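A.B. asks: Structure incoming, see below.
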Amino acid sequence: MIGIFDSGLGGLTVLKNFLKALPDYNYIYLGDSARAPYGGRSQDTIYCYTKEAVDFLFARGCELIIIACNSASSQALRKIQQEYLPQKYPGKNVLGVIRPLVEKVAEDKNIKRVGIIGTRATIESNAYKTELKKLNPDLEIFQKSAPLLVPLIEEGWNRRPETKSILKKYLRPLKSKQIEILILACTHYPILFKEIKKIMTKRCRVLDSGEIIARGLKNYLARHPEYRVSPAQNTCVNFFTTDDAERFRVMAKKFLNIDVEKITKVCL
Ligand code: DGL
């Protein structure tokens, strides 16, 4: 069983792609909606919340956990992998979303100028920048935090002109640097994929994060038989939220057309 953790609903953009690329598994999705958004929180807080999520998912029988949340992947994952797992869950692993995305960018040797948008926590951590530079020190990297996008998406304002103009304002400084590729370093942003692509024009490739993360997990499972997760007869996804279950169900349908059948409200 594979555990997917996000600060709230956004990680469903990742789950959707897992179900397509890896349909033969069971999944547990945990959204910490009661404490979302994580994007404006401190590193200590994000680490504490992420540890609780990891405990919850391992206790429910997950063999591997994916932290779909970019803010948690950039502020907490390293400490979880280096300190928490060896001490509390030796032999188990937790993966994030940064690695597959930076590998994808670095594999194209023609790319020189990379743009990244994400929450404040993600951008201020410099996690993407650091990982990209490790793979290709010659890359020029331009980052922009876009804190208003998550609340706008959660309000269902995706198609509103106000959102479009805020999006334009966030993307303008990246566009002016003539970036060749843009990383959407936040679970929610793929919901605005079409709008972002339109603003960036054909000259800049916009990465479809969920698809790349799912492909990354597929490769990882093939390369690491020691973490091989047991496949399932009939795929089933169990959803858990720390906030109102009905609201989660409605939002999942509205934004991602996902039918949430089994959902339980929990306290972490
Ligand atoms: N899931 C978060 C991320 O990818 C976005 C929402 C939040 O700020 O919690 O960074």
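A.B. asks: Within region 94-101, can one find any residue that is over 13 Å from the mean Cα position of the chain (by Cα), surrounded by fewer than 24 Cβ atoms within 10 Å (Cβ to Cβ) and at pLDDT 95 or above?
C.D. replies: Checked region 94-101: no residue is over 13 Å from the mean Cα position of the chain (by Cα), surrounded by fewer than 24 Cβ atoms within 10 Å (Cβ to Cβ) and at pLDDT 95 or above.
A.B. asks: Another question about this same structure. Consider region 10-33. How many of its residues are in contact with a Gly (Cβ under 6 Å, 6 or more places away or on another chain) and either away from the ligand (no atom under 12 Å from the Cβ) or more than 22 Å from ARG249 (Cα to Cα) (or both)? I'd like the intermediate steps shown before the answer.
C.D. replies: Residues of region 10-33 that are in contact with a Gly (Cβ under 6 Å, 6 or more places away or on another chain), as a first pass: 13-14, 17, 28, 31, 33.
If we keep only those that are either away from the ligand (no atom under 12 Å from the Cβ) or more than 22 Å from ARG249 (Cα to Cα) (or both) as well, we get 17, 28.
Qualifying residue count, region 10-33: 2.
A.B. asks: Tally time: how many residues in region 12-27 are under 19 Å from ARG215 (Cβ atoms) and outside any helix (DSSP H, G or I)?
C.D. replies: Adding up the residues that qualify gives 5.
A.B. asks: Hey, which of the helices (runs of 4 or more DSSP H) in region 34-101, taking only ones fully inside, have at least 2 residues that are within 13 Å of the ligand (Cβ to nearest atom)?
C.D. replies: So the answer is 43-59, 70-75.
A.B. asks: Could you identify the single residue in LEU30, LEU9 that is part of a loop (DSSP other than H, G, I, E, B) and either charged (D, E, K, R) or at negative phi (or both)?
C.D. replies: Only one candidate passes the filter, namely LEU9.
A.B. asks: While we're on this one: Since TYR25 meets every condition but one in (1) surrounded by 18 or more Cβ atoms within 10 Å (Cβ to Cβ); (2) modelled with pLDDT of 95 or more; (3) in contact with a strand residue (DSSP E or B) (Cβ under 7 Å, 6 or more places away or on another chain), which condition does it not meet?
C.D. replies: (2)
A.B. asks: Okay, next question. Determine the pairs where a residue that is more than 21 Å from ALA232 (Cα to Cα), located within region 59-70, has a partner that is within 9 Å of the ligand (Cβ to nearest atom) and in a strand (DSSP E or B) with Cβ atoms under 6 Å apart, the partner being 6 or more residues away or on another chain.
C.D. replies: Hits for this filter: ALA68/ASP6; CYS69/ASP6; ASN70/GLY118; ASN70/ALA185.
A.B. asks: For region 152-268, please list each of the strands (runs of 3 or more DSSP E) lying entirely inside it that holds at least 2 residues being within 22 Å of LYS104 (Cβ to Cβ). Before you say what the answer is, go through the steps one by one.
C.D. replies: Numbers: elements: 181-185, 237-241, 262-265.
Correct list: 181-185.
A.B. asks: Against the definition (over 21 Å from LYS218 (Cα atoms) and either touching a strand residue (DSSP E or B) at 6+ places or on another chain (Cβ under 8 Å) or surrounded by fewer than 24 Cβ atoms within 10 Å (Cβ to Cβ) (or both)), how does GLN87 come out, yes or no?
C.D. replies: yes
A.B. asks: While we're looking at this one, here's another question. Just need a number here: residues in region 195-209 that are modelled with pLDDT of 95 or more and either within 14 Å of the chain's Cα centre (by Cα) or of a type in the set (Lys, Arg) (or both). Give the derivation first.
C.D. replies: Narrowing region 195-209 to residues modelled with pLDDT of 95 or more: 195-200, 204-207.
Next, from what is left, pick out any that are either within 14 Å of the chain's Cα centre (by Cα) or of a type in the set (Lys, Arg) (or both): 197-198, 205, 207.
So the answer is 4.
The values are calculated or read from the model by the stated rules, or taken from the named source; none is laboratory data. What you see is a predicted model, and the numbers here were worked out from it, not measured in a lab. A quick note on method: Cβ atoms are made from the backbone with ideal geometry, for glycine too, and the neighbour counts reach across all protein chains shown.
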